[in-house]
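Asker: Sharing a structure here in C-alpha cells format.
Derivation of every value follows stated rules applied to the coordinates shown; laboratory data play no part. The shown structure was predicted, so the numbers you read here are calculated from the model rather than taken from an experiment. Cβ: placed from backbone, ideal geometry, glycine included. Neighbour counts: every protein chain shown.
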C-alpha cells in the first residue's frame, strides 16, 4: 500500500474569534439542515410515488414542491400532545437525545476539501461513536411513552441498532486499515486513483446493508413497522416533537450516504484530480450522496420487511463473520505486502460467496434463516 | 479562572449530578439514564485532558453499548419503582465501607507521585497508542481478549443449555 503522506488541509475561518467562528458554522448547519430535510421528504414521497406508478404530491406548488413546507407549517402549529401516564422528563428529553447526536456526527463529515465543520484526526471513529448515542433516545422514547407498542418498538430499536453497529464499525475498520488513518480527509485523498470500493467490495456491501439497518428503513424498519408496532417509539409523539424524529431520520440518511461516498467512492476526488475546482467537488459529492439516498429509497419500496429473528441471523451469522473475513484479508495483504489487485480478487470472491450464501439460505428455507429455538423465543417476546 | 477551568467545573458538576442521580433516583430506569449522563461527563473530562481516543472509546462502549444493554435488560424484566428507601440493619456497615472507600480514593489521588507533567496534558497520537498496545503491552491485550472469549463462549453455552430443556 501507498504510505500516508501529510496532507495540508485548508482551514479557513469565518470569523477571527474561534468561538464566533464555531457559532457561525453551527448557525449555517442549523439553517441548512431543516431546509434539506424538508426537500428530502418531498423527494422521498415523489420517488416512492413514481416507483409505485403514482404521481406523489402534486397539488401544493409546482410538482408538489411546496408540500414539504406545508407539512412543516402543519406540524409546527399542531398541538404537542403528551400522554397523561407518560414519564414526563424521559418522554420530553428523548427527542433531543435522538437529534443531538445526529448533528454532533455531522461535525466530523467533510463535504468538500473546503466545506467542513471540523477536520478531526479520529473523524471516522468519532462519527461512528457519536451516532451510536442515538439508540438511547429510542429506548427512552419507547419506555417514556408508557405505551405497549412504543415500548416494543424501543426494545426492537435497541436490539437492532446495537447489533448492526458492529458490522458497520468493522467494515469501516477495514477501510481504515487500508488507508492507515481514521481521518476522513486522508482517507479521501488516498483515493485519487482508485476508490476503496475497488479494493474492498465486501466491506462496501456490509457497510451499505448495516447502514440501511442503522437507518431503520425498509427492509429493516422493524422498530417502527406500522403494521406491527404502529410507528414504534414515535407513536405517542405529535407535532414538533414527531417532526424531530423525522429530522433525525433524514439527517442520518444524508450522513450515512455521505460517509459511504467518502470512504468507498472517493468522495470529492475520484474520478478527477486531487485539486479540482470547488464546484466540481460539490457536484461530485452531491451526485454520489444522492445515489446512495436514491438507492435507500428504492430498497424501501422493493424489499419486504424482515422478521426480527431473520434480522438478527443476518447480522450475527452472516455479516459479522464476513466483516471479520475482510479484516483478516486486509491484514494478510498489508503484512505480506501483496499487490493491491490481490485485495480486489480476495475481497470480491468473498463478496460473491456472501451473496450466494444469503441467496441459497433464502431460497432453501423460504425465509432467510432456519429459526432456532432461542431466536423464536426472542421473536415472540419482541 | 481560565475558560478551561470553567468548562471543567461545568463538566464535573454534570458528572457528579449524574452519579448522585444514579443513587438517588427512585426509578431504576432513571438511574440507568443518569448513569449514561455520568459516563458521558467522564468522556468530556477525557477530551479536556486531550485524550480524544479514550473519550471516543468511552462514548462508544459506555454511552452507546453497555448502558443500552442495561436498559434493555430492565425493560424486558419489567422492573418496578422501588417503594421507599431500601433500608436494613446493614446500614452502619455500608456507611463504614463507603467511608473507607472514599478515604482510600482521596488518599490515593493526593499521595501518589504522578509520573510525567501534571501541569499540561500531553497529547498522545493514536499511532503511538496502537504501537504501544500491540508491542509493549501485547501480553495484557491478548489476555484481555482471552478473558472476553471465555465469557463469550460461556454465555453461548448457558444459552444453549436453556434451549435444550
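Asker: Taking R0 as 41 Å, what's the FRET efficiency between residue B:49 and residue B:27 from their Cβ-Cβ distance, rounded to 0.05?
Answerer: E(calc), rounded to 0.05, equals 0.80.
Asker: Given labels modelled 7 Å from the Cα in the Cβ direction, how far is it in nm from residue B:133 to residue A:342?
Answerer: Computed distance between label sites residue B:133 and residue A:342 equals 2.6 nm.
Asker: Is chain A best put as rounded, prolate or oblate by its Cα gyration tensor, with a ≥ b ≥ c the root eigenvalues, rounded for a/c under 1.5, and otherwise prolate when a/b is larger than b/c, oblate when not?
Answerer: Oblate, because a/c is 1.5 or more while a/b does not exceed b/c.
Asker: When Cβ neighbours within 10 Å are restricted to other protein chains, what is their mean count per residue of peptide A:119-130?
Answerer: On the way: counts 0, 2, 6, 6, 0, 0, 7, 6, 1, 4, 11, 5.
Averaged over the peptide's residues, the number is 4.
Asker: Mind ordering A:76-84, A:302-310, A:104-112 by average Cβ neighbours within 10 Å, highest first?
Answerer: Order by mean packing, descending: A:104-112, A:302-310, A:76-84.
Asker: Right, another one. Would you mind calculating the gained length between residue A:93 and residue A:58 on full extension (0.36 nm times residue separation, minus the Cα-Cα distance), in nm to one decimal?
Answerer: That pair, residue A:93 and residue A:58, stretches by 9.0 nm at full extension.
Asker: While we're looking at this one, here's another question. Using the Cα gyration tensor of the range B:1-83, with a ≥ b ≥ c the square roots of its eigenvalues, what is the shape: rounded (a/c below 1.5), prolate (a/b larger than b/c) or oblate (neither)?
Answerer: On the way: a/c = 5.73, a/b = 1.69, b/c = 3.38.
Oblate, because a/c is 1.5 or more while a/b does not exceed b/c.
Asker: Also, I was wondering about something else. Could you work out the mean count of beta carbons from other protein chains within 10 Å of each residue's beta carbon in B:26-36?
Answerer: Details: counts 0, 3, 0, 6, 3, 0, 4, 10, 0, 0, 4.
Mean shielding by partner chains, rounded to a whole number: 3.
Asker: Under 20 Å from a point 7 Å along the Cα-to-Cβ line of residue A:30: which residues of the range A:237-259 have their amide N that close?
Answerer: The answer is A:240-252.
Asker: Taking 41 Å as R0, compute the FRET efficiency from the Cβ-Cβ separation of residue A:275 and residue A:39 and round it to 0.05. Don't skip to the answer; put the middle values down first.
Answerer: Details: r = 30 Å, r/R0 = 0.74.
The formula returns an efficiency of 0.85 here.
Asker: Sticking with this structure for a sec: If I model a spin label at residue B:148 and residue A:17 as a point 7 Å from the Cα along the Cα→Cβ vector, what separation in nanometres do I get?
Answerer: According to this spin-label approximation, the distance is 4.5 nm.
Asker: Moving on to the next point. What list do you get for A:240, A:38, A:345 if you sort them by fewest beta carbons within 10 Å?
Answerer: Working: A:240 16, A:38 21, A:345 10.
Fewest to most other Cβ atoms nearby, the residues stand as A:345, A:240, A:38.
Asker: How do the peptides B:50-58, A:336-344 rank, highest first, by the average count of neighbouring beta carbon atoms within 10 Å per residue?
Answerer: Numbers: B:50-58: 18.9, A:336-344: 12.6.
In decreasing order of mean packing, B:50-58, A:336-344 become B:50-58, A:336-344.
Asker: In nm, to one decimal, how far is the modelled label at residue B:107 from the one at residue A:227, with both set 7 Å along Cα→Cβ?
Answerer: 6.7 nm
Asker: Could I ask something else about it? Can you sort B:46, A:126 by how many other beta carbons sit within 10 Å, fewest first?
Answerer: Least crowded to most crowded, the residues run B:46, A:126.
Asker: From other protein chains only, count the Cβ atoms within 10 Å of every residue's Cβ in B:48-60, then give the mean.
Answerer: If you average over the peptide's residues, the count of other-chain Cβ atoms is 3.
Asker: Give me B:150, A:136, A:188 sorted ascending by neighbouring Cβ count inside 10 Å, so fewest comes first.
Answerer: Exposure proxy ranking, most exposed first: B:150, A:136, A:188.
Asker: Using a/c under 1.5 as the rounded threshold, could you call the range B:125-165 rounded, prolate or oblate? The axes a ≥ b ≥ c are square roots of the C-alpha gyration tensor eigenvalues, and prolate needs a/b larger than b/c, oblate otherwise.
Answerer: Verdict is prolate for the range B:125-165.
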